[in-house]
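Here is the structure we will look at.
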Amino acid sequence: MDQVAFVCEVARRMACDEERADALTFAVLQELSERLTPDEVSHVAAQMPLAPRRLWTSLEPPKRSVRRIHATEFVGEVRKIMGLPSEAEARRAVMSVFATLQKLLGSPDGLEGEAWDVMSQLPKDLKKMWIEAAHATEE
């Protein structure tokens, strides 16, 4: 899956245009990458095709610490970055990007391989969202 396919998948799940899906993807990946260790960010990048890898790694400042935030704050940050009208819309964006990232990582249920490693670094409430994203009814 290349970056265009990734964004198209998010757009389909969100029922929005690709420009909006691209911005939503950037916001969610920014928040997720800050929540993971730099080593895990590198491991996820190694699983990605070149274009999405560039997006993912462009968010990675050198020698940063992990932001320990929970689901409510995570969704709130995405809402704030994107100026979304509601928490529900921000949550839907997070779930759409999570599900698409899981698909990119070859994990249909978010529990195999690199997807498992990502999930293992999340707090319980974000783990729950990660798992729910894999099983959410697609738009």
Practice item. Please tell me if Val10 is among the hydrophobic types (A, V, I, L, M, F, W, C), open to solvent by less than 20 Å² (accessible area, probe 1.4 Å), closer than 21 Å to Leu105 by Cβ and modelled with pLDDT under 90. Key: no
**Study point:** Hits in the stretch 82-139 - residues which are more than 22 Å from Met1 (Cα to Cα), in contact (Cβ under 8 Å) with a residue 40 or more places away in the chain and open to solvent by less than 20 Å² (accessible area, probe 1.4 Å)
**Key:** Leu122, Pro123, Leu126, Met129
Exercise for review: Answer yes or no: is there a residue in the stretch 40-56 that is in a loop (DSSP other than H, G, I, E, B) and not hydroxyl-bearing (Ser, Thr, Tyr).
Suggested key: yes
Review point. In the stretch 67-75, is there at least one residue being surrounded by 20 or more Cβ atoms within 10 Å (Cβ to Cβ), touching a residue at least 60 places away in the same chain (Cβ under 8 Å) and closer than 17 Å to Ile131 by Cα?
Key: no
Check your understanding: Does Val41 meet the test of being crowded, with 19+ Cβ neighbours inside 10 Å and over 23 Å from Asp125 (Cβ atoms)?
Key -> no
Review point. Can you name every residue in the stretch 57-80 that is modelled with pLDDT of 90 or more and in a helix (DSSP H, G or I)?
Key: Ala71, Thr72, Glu73, Phe74, Val75, Gly76, Glu77, Val78, Arg79, Lys80
Exercise for review: Would you check if there is a residue in the stretch 24-32 being among the aromatic types (Phe, Trp, Tyr), open to solvent by 40 Å² or more (accessible area, probe 1.4 Å), more than 19 Å from Glu114 (Cβ to Cβ) and touching a residue at least 24 places away in the same chain (Cβ under 8 Å)?
Suggested key: yes
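The values are calculated or read from the model by the stated rules, or taken from the named source; none is laboratory data. These numbers come from a predicted model, not from an experiment. Backbone-built Cβ (ideal geometry, glycine too); neighbour counts: all protein chains shown. Quick note on the areas: whole protein, heavy atoms, side chains included, nothing else; ligands and nucleic acids left out. Shrake-Rupley method; radii C 1.70, N 1.55, O 1.52, S 1.80 Å.
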